[in-house]
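The numbers here are math on the coordinates, done by the rules we state, and not lab data. Just so you know, these numbers come straight off a predicted model, no measurement behind them. Positions of Cβ are generated from backbone atoms using ideal geometry, with glycine treated the same way; all protein chains shown enter the neighbour counts.
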Amino acid sequence: MINRDLVIIGGGSAGMAAAVAAYDHGVRDILILERTDLLGGILNQCIHNGFGLHEFNEELTGPEFLTRFANQVKERGIEYKLGSYVSSITRDKVVTYSNEEDGAVQIQAKAIIVAAGCYERNAGAIGIPGDRVAGIITAGQAQLYLNEYGYMVGKKVFILGSGDIGLIMARRMTLEGAKVLGVAELMPYSNGLNRNIQQCLKDFDIPLYLSHTVSKTIGKGKLEAIEISQVDEKLRPIPGTEKRFECDTLLLSIGLIPNNGLLDNIGVAQGRSRGSAVNEHLETEIDGIFSCGNVLHVHDLVDWVVSEGKVAGEAAALYLEGKLNRGSKKIVTVAGDGVGYVVPAEVDLEEAPEKLQFKFRCRKPTKNVYITYSLNGNVIKRFYKQTIIPSEMEIDPIPKSLLTEEGTLTVSLTPKEVK
Ligand SMILES: Cc1cc2nc3c(=O)[nH]c(=O)nc-3n(C[C@H](O)[C@H](O)[C@H](O)COP(=O)(O)OP(=O)(O)OC[C@H]3O[C@@H](n4cnc5c(N)ncnc54)[C@H](O)[C@@H]3O)c2cc1C
């Protein structure tokens with residue numbers, strides 16, 4: 001068995017940022033394992049701009065953004081292996097990967113950072129009535145075919161789900177000459193960023209059907225048409241509201257899920273985000289195993305992914321020096337009213353840094369609210385928000401000095417009192 005200090009699983013933005021941070025904090029024996037043939041992860045297929053406004057103060061395309069980080073990895077001489085798929089890790093930090101050159105290899109790592117990204121929900125997850133015909137694919141897969149492989153996936157397109165990938169693909173397919181007939185969204189609001197609704201749908205006159213779903217796919221072998229229906233308050237299609245669209249392609253943008261199988265398989269406790277439960281150092285319940293980026297919780301902006309990668313990389317460096325300890329006093333975070341999940345799941349009162357950040361997403365768009373932080377039922381901090389929407393992750397700074405005792409920190413949305 002090979003011994004390594006730090007193994008990073010996934011060479012996307014989170015993995016590269018973690019590797020660079022670990023190196024800059026003194027770790028030299030680092031190996032990044034990436035299953036595809038490129039560093040950069042999902043950014044390789046995101047050729048639109050909108051990346052890096054916070055990290056670089058510039059608006060970059062995905063490939064431009066990833067190249068800056070890939071260069072930092074290369075300049076430091078950090079080792080990475082492409083085409084290398086990690087099939088398992090153990091609680092004792094044995095990493096098993098395989099690639100064409102090395103075959104199947106086991107590594108005994110001292111520390112592991114899991115940065116394996118997320119995956120898309122597909123047609124099987126929602127069970128649309130109709131035959132399983134060709135022409136129904138996820139929006140991210142279509143983006144990969146079009147932007148990386150140069151294949152046009154269809155000419156008359158309908159999109160289900162108004163997540164950012166769906167919105168971006170509506171514009172992309174239009175620019176490539178396809179007719180995008182519409183986007184149907186189950187919820188009464190869009191799940192994409194506001195800027196994407198404007199720039200990808202409204203600017204191209206693509207209709208958005210809120211509170212609608214695809215109720216039928218029609219075709220023999222190949223998609224010929226779809227039917228959409230309005231849904232009731234329980235999100236069930238309402239008979240009699242069907243609209244038919246002749247199309248050859250249905251793109252699904254119906255959610256992203258942390259690709260957390262490696263940690264789930266070894267029984268690491270999960271958080272509400274479906275990633276692992278981590279502390280403020282992004283360390284899981286297992287000493288020396290960290291998680292960051294979309295595998296921990298799905299992010300809207302790569303800048304936040306990168307900042308998480310840096311936290312994990314620095315923490316791994318401290319762990320390898322024997323300086324990352326767990327104290328005995330902790331606070332557990334709870335997603336209260338209106339909040340979907342909170343990261344981190346717990347904070348170590350003795351070991352936490354002075355400045356802490358809490359991240360969460362709300363459950364539905366809400367106006368005129370306080371984001372309220374309550375420690376054991378007592379409010380310690382509130383932030384006023386005119387509007388809060390699920391597609392934008394919230395990040396709040398809370399000084400450690402406010403966390404005065406062990407217990408439960410509840411994050412909830414409370415309506416602003418109207419006088
Ligand atoms: C379509 C789309 C549009 C976006 N638009 C914007 C935008 O305009 N602006 C913005 O700031 N952000 C945007 N984002 C968000 C942001 O880019 C991503 O959240 C971020 O890049 C995710 O980084 P990551 O490293 O966590 O995951 P990924 O980039 O997915 O990297 C994970 C890596 O892990 C590898 N991997 C997974 N499992 C294994 C395994 N078992 N073994 C080895 N390797 C493995 C994968 O191959 C992948 O390379 C967008 C995201 C998408 C999907």
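Observations on the model:
- From the alpha carbon centroid of segment 89-119 to that of segment 156-235 is 38 Å.
- Percentage relative contact order, segment 327-419, counting C-alpha pairs under 8 Å, at least six apart: 37
- Close lysine pairs were tallied over segment 344-419: pairs 8 or more places apart or on different chains with Cα atoms under 19 Å apart number 16.
- Added length on full extension, which subtracts the Cα-Cα distance from 0.36 nm per residue, residue 58 to residue 202: 49.4 nm
- Length-normalised contact order for the chain - Cα pairs under 8 Å, 6+ apart - percent: 15
- Cα-based Lys pair tally, segment 122-254, threshold under 16 Å, eight or more apart or on separate chains: 7
- The separation of segment 354-419 from segment 59-76, counted between C-alpha centres, amounts to 34 Å.
- Restricting segment 50-110 to GluC sites (Glu not before Pro) that sit in a DSSP loop and have at most 16 other Cβ atoms within 10 Å of their own Cβ leaves 58, 59, 100, 101.
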